[in-house]
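Computed from the coordinates by the stated procedures, all read-outs in this text should not be read as laboratory data. These numbers come from a predicted model, not from an experiment. Cβ placement follows ideal geometry from the backbone for every residue including glycine, while neighbour counts extend to all protein chains displayed.
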Amino acid sequence: MIPNKAVRLNLFDFKSVPMRAFHTTWFAFFLCFFGWFGIAPLMPLVREDLGLTKIQIGNTMIASVAITIAVRLVIGWLCDKIGPRRSYSGLLILGSIPVMTIGLSHDYQTFFWFRLAIGAIGASFVITQYHTSVMFAPNCVGTANATAAGWGNLGGGVTQMMMPLILAVFLHLGMSESLGWRLSMVIPGVALLIMGILYYRLTKDYPEGNLRELKARGLVPQKTKTRGSFLAAIKDHRVWALFVIYGACFGIELTIDNIAALYFTDTFHLSIGQAGLVAGLFGLMNIFARALGGIISDRCAIKAGLRGRVIFLGTVLLLEGLGLMFFSKMTILPLAIIAMMTTGLFVKMANGATYSVVPFVNKKALGAVAGIVGAGGNVGAVLFGFLFRMEDLSYSMVLFYLGWIVIACSAFSLMVKFSPEVEKEVKTEFDAARARQLEPQIV
């Protein structure tokens, strides 16, 4: 299948099937983050408007990431079954509904259920990684996966900055703060709806075409053994090791996306706009940090194969844990911002490094593996959320404890090993792809 996959990431190519899928999927994921965490920078207003307690805010944070666990497991299976194109379109269109209507919340209970429903669009990550994994060859799949996910995750930072500005526009028009935050959420909801339609029209499932077309041409089995592949993924201990690892990196990213604005508002007494700007810096690291993790992982694979990818993953996760501990101890705003961004660098590099390993665990169950590992990120965020809702623990204390947890989780990388046969097979594909990559491009 290598000849049909892209062997280089040409960012200025918008015509080829792989690169068109790349650009469409990262932008779709970007908008999903906008809808998923659009309410986070507005939480100081929501807290006052709905009279939410610390425990209730913690519960809504947990809800926003909890539902994603189940949906990520299903969406991975669905990608294997009907293809990423239809899976993504359906998720975007359905996910736009609760985003547009969360403004109908009138108390804690209704707000909780809206945040729970919105969390489903977090499963878009699995489709993003699936789609780029089937479009790019082994020599650059780590870079492609990490860049697409990183630029998508960038939405988590941009929304921290943009939502307060959107709110300011409504307030400038004379609306109350209560009505302003409600109407602000309509904007990302409409964007998701439009993107759902465009995704169906602009992309194909695989480099060779859509899944239905390939089945009709007899290029894939009429009955894909999705149940068997899912069971194979469940039985593989490496999948669960990566599940834990991703919980320790992407779970941290989701957690900080949720609490950063409140943390800087309460700890350093910043305004909503100022806190949103500072919190947004964490997400903006995705411009390059997650991609950097994938790029370095691909470079490690040149010298040390799959083992090199895994060693790099364990190392960067260890550094992430140390970064969290330092961040938690910062009491001066500029130093806290620097510590947060340094930690964010390692968090996002670990994210990219994880999904540079995922495509090689079980190629016949790629969707299942991607879904299970992706769900691990949300499981981590849910568990961490329970710590943040505890009345007797300050946010800084929780961040310090999370540093120790992440360091412990880095040891799980020792469980991710590959047989000599798999190493040899991947090396053969890798070398073939690199040989094609070095060939002159036909313009």
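Taking just the alpha carbons, could you work out the radius of gyration and Dmax for segment 1-157, both in angstroms?
In order Rg, Dmax, the Cα atoms of segment 1-157 give 17.4, 58 Å.
Sorted by mean Cβ packing within 10 Å, highest first, what order do the peptides 108-121, 64-77 take?
With the highest mean Cβ count within 10 Å placed first, the list reads 64-77, 108-121.
Expressed in nm to one decimal, what extension gain is obtained for the pair R201 and K417 from 0.36 nm per residue of sequence separation less their Cα-Cα distance?
The span from R201 to K417 would gain 73.8 nm if fully extended.
With charges set only on the Cβ (+1 for Lys and Arg, -1 for Asp and Glu), what does the dipole of the chain come to about its Cα centre, in debye to the nearest 20?
1580
Let me check the size of segment 330-413 from its C-alpha atoms; what are the radius of gyration and Dmax in Å?
My reading of the Cα-based Rg and Dmax gives 15.7, 50 Å.
Normalised by the empirical 2.2 N^0.38 Å for globular proteins, what value does the Cα Rg of segment 74-149 take?
1.36
Where the centre of each part is set by its Cα atoms, how far does segment 165-201 sit from segment 308-381, in angstrom?
Using only Cα atoms, the two centres lie 31 Å from each other.
Calculate, for L393 and H237, the FRET efficiency according to 1/(1 + (r/R0)^6) with r their C-beta to C-beta distance and R0 30 Å; round to the nearest 0.05.
Efficiency for this residue pair is about 0.40.
Please turn the phi angles of segment 286-299 into ³J(HN,Hα) values with the Karplus equation 6.51 cos²θ - 1.76 cosθ + 1.60 (θ = phi - 60°), one per residue in order, whole Hz, x for glycine and proline.
5, 3, 9, 5, 5, 4, 4, x, x, 5, 5, 4, 5, 5
At 0.36 nm per residue, minus the direct Cα-Cα distance, what do I55 and K329 gain on full extension? Give it in nm, one decimal, please.
Contour length minus the Cα-Cα distance gives 96.3 nm.
Are there trypsin sites (Lys or Arg not before Pro) in segment 170-217 that DSSP puts in a loop and that have at most 13 other Cβ atoms within 10 Å, and which ones?
R217
So how far apart, in nm, are the two label points at K427 and V169 if each is 7 Å from Cα heading toward Cβ?
Taking the simple label geometry, K427 and V169 are separated by 5.6 nm.
So if each residue of separation counts as 0.36 nm, and I subtract the Cα-Cα distance between S178 and L383, what length gain in nm does that give?
Here the segment from S178 to L383 would lengthen by 70.7 nm.
Under the rule of at least 5 residues apart or a separate chain, name every residue whose amide H is placed under 5 Å from the amide H of F136.
So F136 has HN proximity to A6.
Put +1 on the Cβ of every Lys and Arg and -1 on every Asp and Glu Cβ in the chain; which of G156, L92, A368 then has its Cα farthest towards the positive end of the dipole?
Sorting the options by dipole projection puts first A368.
Using Cα-Cα distances under 8 Å and only pairs 6 or more residues apart, what relative contact order does segment 238-324 have, in percent?
That works out to 21 percent.
Farthest toward the dipole's positive end in the chain, which of I332, F282, S396, given Cβ charges of +1 (Lys, Arg) and -1 (Asp, Glu) about the Cα centre?
The one lying farthest along the dipole's positive direction is F282.
From the Cα trace of segment 262-360, what convex hull volume per residue do you get, rounded to a whole Å³?
89
Which residue, G35, V46, L73, has the largest displacement toward the positive end of the dipole of segment 1-76 when charges sit on each Cβ (Lys, Arg +1; Asp, Glu -1)?
L73
If all Cα-Cα distances of segment 301-443 are sorted into 5 Å bins from 0 onward, what percent lands in each bin, rounded to whole numbers?
Result returned by the calculation: 2, 8, 14, 18, 16, 13, 10, 8, 5, 4, 2, 0, 0.
Show me, bin by bin at 10 Å from 0, the whole-percent P(r) of segment 16-438 based on Cα pairs.
Reading upward from the zero bin: 5, 24, 34, 24, 10, 3, 0.
My understanding is that a pair violates if its Cα-Cα distance is over 19 Å; which of K5/K427; K215/K364; K364/K424; K204/K348 do that in this structure?
Distance filter (> 19 Å) returns K204/K348.
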